[in-house]
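The values are calculated or read from the model by the stated rules, or taken from the named source; none is laboratory data. This structure is a prediction, so every number in the text was calculated from the model and none was measured. Here the Cβ is made from the backbone with ideal geometry for all residues, glycine too, and neighbour counts use every protein chain on show.
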Amino acid sequence: MSTYYERHPGLRLTGVEDEGIVLQLDTRRYFSVNESGFVILEALREPKTADELVEVLRSEYDVDPEHARASILRFLTSCQGSELVVRVDAARAIA
Amino acid sequence: MAAGAAIRIQCAEHVVRARLQAWADALRLNTGVPVVLDVAVGEPVEVETGGAVFRQPGVAIHYGALGSTGGVCVQWESARAAATLEPGRTTARVTLSPAAVCRLDECASSFLSAVLILLLRRAGWHHLHGGIAQDPAGRGWLIAGDQGGGKSTTTALLATSGWRVGNDDIVFLNAGTAGRVTLAAARTPIALRDPVRARFAAQGRPLPARGKFVYWPEELGSRWIDRIEPDVIAFVSVGGERTTHATPITARQATARLIRSSAWVMLEPGLAQEHLDLLGRLARQVRSYRIRLAEDIFAAPERLQELIA
């Protein structure tokens, strides 16, 4: 079964100049993300798989699917390390 | 609405009520939304203070506290005093011990100011460290920057140069009208340390608790301004160069710097998004500059306006 991701409950996000400023309320840290990172974090208001995120990015940019998937997985790994994104139980994500 | 009427003090002890209402009125914060400090004198009852803790000098703020309600509990550390704020309510229940009442001025400027910041946030006014000013052309300025970066010196210099100024340290931002973010200043004096204060002709009054001297804008030749719609943000710092210079920065860079000046954005998850969005809107609304202050600014404070003309 695919892995689902969503925003960490402590994340707050605002858009500035097509990019994003992210707060992590639990760790009291803040980050900036580029345009595609902002699109991904916006999309993760609801749980999504990496493949679904590829489609989100491809709806915004002309990008090769395999390249997009690799970039998304790197971004998700980085975001998990900073507690910006969490994995979601698939049953809960689908429900 | 009369100046100061937006902050109401309730207390059965008439002397305490009168002194605290005078303190609140003197701030002249007219946000248009009434907030209430419901004060009782007695020993504060211990409350469940789970959740995260945010510390300000002498004050501990427990948020996500009050059991399952997710409210906030504020405790003063200099004498026993506590306040509880339920989610969404613009009334704080405050208990001051007799020892705290004996130090009422200090209690107000430290503990009750923190409670007030939380109440105003519930009313849509979010705290930001910085000063406000209006240049002779009518443009609104936010003077921001890290502690010790020269916010107070800059504000005081502008006050001597025909600008109107609010204060140098605490402002509140609000969604405003017609899509323009508004900044409001409490009526608090500008505070300068030695040796900078010696550069000003006005004498000021000593504030031993902070090791500073304080000045009202009028004492520096200015007129107080209670709010602005900002056009410019100056993030000031003291540089080693010979002349003051300004470097434009992007809205994203400005937002990140504003977060550093607005630590309360991290409190109370239910209000954090509104606060963050306002910081982002403010950064998009203005032109932002990193200003490195040098000695020349003392002789020609108007240079600040020329730099970003």
Helices (runs of 4 or more DSSP H) enclosed by segment B:204-309 - at least 3 residues per element that are aliphatic (A, V, I, L, M): B:251-260, B:269-285
Candidate set: segment B:59-70, residues that are assigned to a strand (DSSP E or B) and surrounded by fewer than 23 Cβ atoms within 10 Å (Cβ to Cβ); chosen: the one modelled with the lowest pLDDT: B:65
Residues of segment B:171-182 satisfying the condition of being without any contact (Cβ under 8 Å) to a residue 60 or more places away in the chain and either crowded, with 22+ Cβ neighbours inside 10 Å or touching a Gly at 6+ places or on another chain (Cβ under 8 Å) (or both): B:171, B:182
Tally, over segment A:12-23, of residues that are surrounded by fewer than 21 Cβ atoms within 10 Å (Cβ to Cβ) and either more than 14 Å from the chain's Cα centre (by Cα) or of a type in the set (Gly, Ala, Ser) (or both): 3
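Quick one: which residue in B:107, B:102 is buried (at least 16 other Cβ atoms within 10 Å of the Cβ), free of Cβ contacts under 8 Å to residues at least 40 places away in the same chain and farther than 21 Å from residue B:184 by Cα?
Numbers: B:102 fails: buried (at least 16 other Cβ atoms within 10 Å of the Cβ).
Among B:107, B:102, only B:107 is buried (at least 16 other Cβ atoms within 10 Å of the Cβ), free of Cβ contacts under 8 Å to residues at least 40 places away in the same chain and farther than 21 Å from residue B:184 by Cα.
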Subset of segment B:265-307 that is of a type in the set (A, V, I, L, M, F, W, C), more than 11 Å from chain A (Cβ to nearest Cβ) and out of contact with any Lys or Arg (no Cβ under 7 Å at 6 or more places or on another chain) - its residue that is nearest to residue B:238 (Cα to Cα): B:293
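Tell me which residues, restricted to segment A:54-69, are farther than 16 Å from residue A:4 by Cα and part of a helix (DSSP H, G or I).
Of segment A:54-69, the ones farther than 16 Å from residue A:4 by Cα are A:57-68.
Answer for segment A:54-69, where residues must be farther than 16 Å from residue A:4 by Cα and part of a helix (DSSP H, G or I): A:57, A:58, A:59, A:60, A:65, A:66, A:67, A:68.
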Any pair with Cβ under 7 angstrom, 6 or more apart, that starts in segment B:24-39 at a residue that is hydroxyl-bearing (Ser, Thr, Tyr) and ends at one that is surrounded by fewer than 17 Cβ atoms within 10 Å (Cβ to Cβ): B:31/B:123
Residue that is nearest to the other protein chains (Cβ to nearest Cβ), among those in segment A:38-49 that are buried (at least 18 other Cβ atoms within 10 Å of the Cβ) and touching a residue at least 40 places away in the same chain (Cβ under 8 Å): A:41
Residue list for segment A:1-52, filter: out of contact with any His (no Cβ under 8 Å at 6 or more places or on another chain) and acidic (Asp, Glu): A:6, A:17, A:18, A:19, A:35, A:42, A:46, A:51, A:52
Hits in segment B:139-186 (condition: out of contact with any strand residue (DSSP E or B) (no Cβ under 9 Å at 6 or more places or on another chain) and within 18 Å of residue B:282 (Cα to Cα)): B:177, B:178, B:179
Test set (1) part of a loop (DSSP other than H, G, I, E, B); (2) modelled with pLDDT under 90; (3) over 16 Å from the mean Cα position of the chain (by Cα) - residue B:147 fails condition number: (3)
Sole exception among (1) away from chain B (no Cβ under 11 Å); (2) crowded, with 16+ Cβ neighbours inside 10 Å; (3) over 17 Å from residue B:272 (Cβ atoms); (4) at pLDDT 95 or above for residue A:88, by number: (4)
Restricting segment B:240-291 to residues that are of a type in the set (D, E, K, R) and either in contact with a helix residue (DSSP H, G or I) (Cβ under 8 Å, 6 or more places away or on another chain) or buried (at least 21 other Cβ atoms within 10 Å of the Cβ) (or both), the residue that is farthest from residue B:74 (Cα to Cα): B:242
Test result for residue A:45, outside any helix (DSSP H, G or I) and within 9 Å of the chain's Cα centre (by Cα): yes
Residue among B:185, B:108, B:92, B:99 that alone is more than 30 Å from residue B:46 (Cα to Cα) and aliphatic (A, V, I, L, M): B:185
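Given the options B:132, B:117, name the one that is among the β-branched types (Val, Ile, Thr), within 16 Å of residue B:75 (Cα to Cα) and in contact with a Phe, Trp or Tyr (Cβ under 8 Å, 6 or more places away or on another chain). Walk me through how you get there before you give the answer.
Details: B:132 fails: within 16 Å of residue B:75 (Cα to Cα).
None of the others qualify; the one that does is B:117.
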Top-ranked residue of segment A:1-37 - restricted to ones that are of a type in the set (D, E, K, R) and touching a residue at least 12 places away in the same chain (Cβ under 8 Å), ranked as farthest from the other protein chains (Cβ to nearest Cβ): A:6
For residue B:93: the one exception among (1) in a strand (DSSP E or B); (2) within 17 Å of the chain's Cα centre (by Cα): (2)
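May I ask you to say which residue of B:156, B:191 is under 19 Å from the mean Cα position of the chain (by Cα) and in a strand (DSSP E or B)?
Working: B:156 fails: in a strand (DSSP E or B).
Answer to the selection: B:191.
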